[in-house]
Amino acid sequence: MRAMWCCFALGVVALQQQAALPGRVAWCGLIALMLGAAIGGARMGRRGARGRIVGWSALALASTCVGFGYAAWRAEIRLAESLPEAWQARDVDVTGYIARMPAFGEGSARFLFAVESWPGRELTASALRFSRTPRLLQLNWIARDAPVPPLVPGARWRLTVRLKPAHGEGNFDLRDTEAALLARGVRATGYVSDAAHAQRLVRDAQGIGIAIERRRAAVRARIGEVLADAPHRGIVVALATGAQDDVSDADWQLMRNTGTSHLVAISGLHLAFVAGLAGWLSGALWRRARWRGMEAPLVLPAQKVALAGAVCAGAAYAALAGFNVPVQRALWMLAVAAVALLGSREVSRSHVLAWALGLVLLRDPWAVTAPGFWLSFCAVAAILYAASGVPRMRREEDAELTPDEVDPMREKEPVAAEVPRGPWRERFASLVDWQRWRRAARRVAARLHDGARVQWAVTLALAPLTAYWFLQIPLIGPLANAFAIPWVSMLVTPTVLAGAVLPAPLDAFALRAAHALLDRLAMALGALDGLPWALLRLPQPSGWALACAAVGVAWLLAPRGWPLRWLAPFTWLPLLAPSPGGPPEGAFRLTALDIGQGTSVLIETARHTLLFDAGPGPESTHAGERIVVPYLQTHAVTQLDMLMVSHDDSDHSGGAQAVLEALRVRQFVAGILPAHPLWATAQSRGAERVQCAAGQRWQWDGVTFEVLWPDAGPLAGKPNAHCCVLRVSTAGISGAASAPDGAVTALLAADIEAATERTLMARDPDKLRAQILVVPHHGSRTSSTEPFLDSVWPLVAIFQVGFINRFHHPYPGVYARYASRHIVLARSDWDGAARIEAAPGALTVERFRDTRRRYWMDRLDRPDRTEEAAVGAMQGAAAVRPPGTQDNDDNDNPTRTNGTETGPD
């Protein structure tokens, strides 16, 4: 059964990597393969040893097909829900109830809203089950004219909302937020557009799920009342309810750097503690209970009562924690083991883990897209693998048998009569019983050895995954976890749970005690975090590097006697290898990130990096810290040679603060006023500060950079009038004529408008000639004039726009202006990030959703793409397009899940 569940999981994983769901022909082939493998495997299993091997292989193939088909079936059902185009980006009145505990921010709240009726469609529960309109919305309620009202799970509201299909930004090697929305069942996102007319309905929704969510919300509210603005309040909320949105950035940073962030999430460790404590209490009370003069254990064994109590307590705690994947895994393992014990059946630990794997994926096939799934199951698998056969062997070696146990029939020597001793002598004799003390010391040493081996196994097993998901390995992690795990599990968690179940005012004492314990823990972790060798930062490893590291983990944790175990650490060397370097000398790589409505472009040469703008900041979608900084860290950019902020618009400069705080910046160049706080931040971070001005020119690794606008001197007018315009050119090659001397040029036009375009054309139109154009002002109607496009005459144009943004960028007429010139177009709202490799005489275009497509991305009806993604070696005159570069409207659907957007430029 273990192999069957593992193959089922393999099929689920394979489906989540597909670019499209299977069609009718694929379904017929899949069903035929599954039935053929199952029937053939059953028959071959009766034909000797070789037949059994073939039969088991066939059954494993059938299980893989079942997992693939099951995940595809669930995906078809969920993707069938779609938001009608007529309801997109306009006010819609919906009625429903708050389905989960809301997450509150500064002047805003985010919550899941279960729809009961859409405009003109009053849906009953049975009709809603078969409706293809979204049943679950993710909404933001932003405090504008009035504060956010109390939002309670189960409360029914009639709201005026503005919606768009579920969408996530698509960037190379970053997590896909759209997959997370799909896993939660969210098929549309938006915000409350008319809070003044929101109406709370009289009758609230009912149900077990709603009751659980209300209890979670009540616990969270009580913690907020007691701890108020305490620094570690978010950790207390996370341990009590599983909601991690209140954890401060400082606490997250501290725990990630010390490898203890798993303690914040309610995991199997916490659930096991709660279940064990409840089982022990249930069994102890049952053994002392009597019913009509008869002892309770005579009616029902105390062991079964203890098991039932443990399962019930574990299920209640899992519900309070929100049923995240690690909690589900622990709960299913507990339930499977309890069923086996109640049925008087012996089941191995690996079988229990395999059943938990299958049950988790049956409930949620998209769990494999979350880091918690892999971290949780791999940690438990590593513990079981490292402990296989070792504890029992050690106990047999350590156990000392008495002579009577060795030979019960031996002839015993006569024992001299003992002198009677008083009670105090008896106690003294027991205290000086050295054999007893030695046995106790051995037991303690064995427990410490077991704990150290478990910590060693978990640290080794999760190191490759930690490097992949978080780009770092906390070297101090084993030492930090050695005291943090028992501290949190044995002291903090029970105290938090006591605060969650005790009545007022007793709960306040427990919650304050838990916060005091967390404060002591933070002080200890802070001391370790200060060590210079505490954290090893790594570039994101490739697939083969992860495979080598996994082989090394299995090799190193193998049982004693495994040959050549000293060679295992060498398999980790690919994990530590530096990331691939930048482009070759004389070439550059331009990456236009998908940050929603805003601009952020990374330019890399052989040994230098420049970031042009940093996207929106905390005033909007937090794209600077959510996307820009993680992207730079994922691609091993630990230092920026230059951060250029084109002008003071929030969708361009808002994320610069996060970039300055996260990375070292050698030079800060900006077109912002002298009083702007970014200048002070750059100075405090040790960056050289330069005002952006036309005529600035430098060269890195054979690539020339030149600023074309604004003019030197004080900045005047609105921010768009003095944007930094940057021109980047490769070195030329002889014999190519697609541009002067075969050079490839990129023009980053920021938010310049028609007046600035005319000024630049009047000065030197030849300097505007470029093969790559980052479209000015996101394609608004105030820019990209016909003469300007004729002067630039680009081969590739990049639109950085938000998905169904409220500014309606790009303007249809402007977009048609580009399309009519047969320019290769890339739109961040459809294509995600765009990456361009520019070398003398050639350039290559890669769109995220072309090369990293998943089946949940392509859900909108768009004209088919007719041009190739790669623009080959450029030949001919500058005005001649290479063959195959004609472009139509492009590709994928979604963008941001946040209802708020940056203000107009």
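The values are calculated or read from the model by the stated rules, or taken from the named source; none is laboratory data. No experiment lies behind these values; they were computed from the predicted model shown. Please note: Cβ atoms are built from the backbone with ideal geometry, for glycine as well, and neighbour counts cover all protein chains shown.
Name, by its number, the condition in (1) part of a helix (DSSP H, G or I); (2) under 30 Å from residue 331 (Cβ atoms); (3) modelled with pLDDT of 80 or more that does not hold for residue 473.
Looking at each condition in turn, residue 473 falls short on (1).
Within the range 498-509, is even one residue at pLDDT below 80, assigned to a helix (DSSP H, G or I) and surrounded by 11 or more Cβ atoms within 10 Å (Cβ to Cβ)?
Keep residues of the range 498-509 that are at pLDDT below 80, which gives none.
No, the range 498-509 contains no residue that is at pLDDT below 80, assigned to a helix (DSSP H, G or I) and surrounded by 11 or more Cβ atoms within 10 Å (Cβ to Cβ).
Evaluate the range 473-483: report whether one residue or more is over 23 Å from residue 259 (Cβ atoms) and either surrounded by fewer than 21 Cβ atoms within 10 Å (Cβ to Cβ) or out of contact with any helix residue (DSSP H, G or I) (no Cβ under 7 Å at 6 or more places or on another chain) (or both).
No, the range 473-483 contains no residue that is over 23 Å from residue 259 (Cβ atoms) and either surrounded by fewer than 21 Cβ atoms within 10 Å (Cβ to Cβ) or out of contact with any helix residue (DSSP H, G or I) (no Cβ under 7 Å at 6 or more places or on another chain) (or both).
Would you confirm, using the coordinates I've provided, whether residue 310 is part of a helix (DSSP H, G or I), touching a helix residue (DSSP H, G or I) at 6+ places or on another chain (Cβ under 6 Å) and either farther than 30 Å from residue 211 by Cα or at pLDDT 90 or above (or both)?
Values: part of a helix (DSSP H, G or I): yes; touching a helix residue (DSSP H, G or I) at 6+ places or on another chain (Cβ under 6 Å): yes; either farther than 30 Å from residue 211 by Cα or at pLDDT 90 or above (or both): yes.
Yes, satisfied.
Mind counting the residues in the range 751-787 that are crowded, with 23+ Cβ neighbours inside 10 Å and touching an Asp or Glu at 6+ places or on another chain (Cβ under 7 Å)?
Total meeting the criteria: 4.
Identify the residue in the range 708-735 that is in contact (Cβ under 8 Å) with a residue 24 or more places away in the chain and among the aliphatic types (A, V, I, L, M) and, among all such residues, is nearest to residue 649 (Cα to Cα).
Here the residue is 721.
Testing residue 478 on (1) over 24 Å from residue 272 (Cβ atoms); (2) modelled with pLDDT under 85, one condition comes back false. Which one is that?
(1)
For residue 645, which of the numbered conditions (1) among the hydrophobic types (A, V, I, L, M, F, W, C); (2) in the same structural domain as residue 836 (by TED's automatic domain parsing); (3) farther than 22 Å from residue 704 by Cα fails to hold?
(3)
For the range 337-366, name all the residues that are surrounded by fewer than 19 Cβ atoms within 10 Å (Cβ to Cβ) and in a helix (DSSP H, G or I).
Across the range 337-366, the qualifying residues are 339, 340, 341, 342, 349, 350, 351, 359, 362, 363.
Need at least 2 residues that are assigned by TED's automatic domain parsing to the domain that holds residue 608, at pLDDT 90 or above and among the hydroxyl-bearing types (Ser, Thr, Tyr) per element, so show me which helices (runs of 4 or more DSSP H) inside the range 721-834 make the cut, counting only ones lying wholly within it.
It comes to 754-763, 812-819.
So the check is Cβ under 7 Å with 6+ separation or different chains; which pairs have a first residue in the range 677-697 that's closer than 13 Å to residue 667 by Cα and a second one that's among the acidic types (Asp, Glu) and outside any loop (DSSP other than H, G, I, E, B)?
Correct list of pairs: empty, since none qualify.
Please verify whether the range 178-200 includes one or more residues that are within 13 Å of residue 366 (Cβ to Cβ) and polar (S, T, N, Q).
The answer is no; no qualifying residue exists.
What do you reckon, is residue 85 modelled with pLDDT under 90 and of a type in the set (Asp, Glu)?
yes
For residue 616, only one of the following conditions fails: (1) surrounded by fewer than 24 Cβ atoms within 10 Å (Cβ to Cβ); (2) more than 22 Å from residue 825 (Cα to Cα). What is its number?
Going through (1) surrounded by fewer than 24 Cβ atoms within 10 Å (Cβ to Cβ); (2) more than 22 Å from residue 825 (Cα to Cα) one by one, residue 616 breaks only (1).
Scan 246, 251 and give me the residue that is among the charged types (D, E, K, R) and either assigned to a loop (DSSP other than H, G, I, E, B) or over 28 Å from residue 229 (Cα atoms) (or both).
Just a single option satisfies the conditions, and that option is 246.
If a residue must be more than 41 Å from the chain's Cα centre (by Cα), closer than 17 Å to residue 727 by Cβ and hydrophobic (A, V, I, L, M, F, W, C), how many such residues does the range 739-767 contain?
4
Using the structure shown, decide if residue 531 is aliphatic (A, V, I, L, M) and within 28 Å of the chain's Cα centre (by Cα).
Yes; evaluated as a whole, the condition is true for this residue.
A quick yes/no check of all residues on (1) among the small types (Gly, Ala, Ser); (2) assigned to a loop (DSSP other than H, G, I, E, B); (3) modelled with pLDDT of 85 or more:
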| residue | (1), (2), (3) |
| --- | --- |
| 512 | no, no, yes |
| 518 | no, no, yes |
| 532 | no, yes, no |
| 541 | no, yes, no |
| 560 | no, yes, no |
| 563 | no, yes, no |
| 567 | no, no, no |
| 571 | no, no, yes |
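Determine whether the range 558-566 contains at least one residue that is in contact with a Leu (Cβ under 7 Å, 6 or more places away or on another chain) and surrounded by fewer than 19 Cβ atoms within 10 Å (Cβ to Cβ). First the steps, then the outcome.
Pass one, the range 558-566, residues in contact with a Leu (Cβ under 7 Å, 6 or more places away or on another chain): 565.
So of that shortlist, the ones also surrounded by fewer than 19 Cβ atoms within 10 Å (Cβ to Cβ) come out as 565.
Scanning the range 558-566 turns up at least one residue that is in contact with a Leu (Cβ under 7 Å, 6 or more places away or on another chain) and surrounded by fewer than 19 Cβ atoms within 10 Å (Cβ to Cβ).
Out of everything in the range 106-148 that is small (Gly, Ala, Ser) and modelled with pLDDT of 80 or more, what residue ends up being farthest from residue 91 (Cα to Cα)?
Restricting to residues being small (Gly, Ala, Ser) and modelled with pLDDT of 80 or more, the top hit is 107.
Has the range 370-377 got at least one residue that is over 23 Å from residue 557 (Cβ atoms) and not hydroxyl-bearing (Ser, Thr, Tyr)?
Yes, some residue in the range 370-377 is over 23 Å from residue 557 (Cβ atoms) and not hydroxyl-bearing (Ser, Thr, Tyr).
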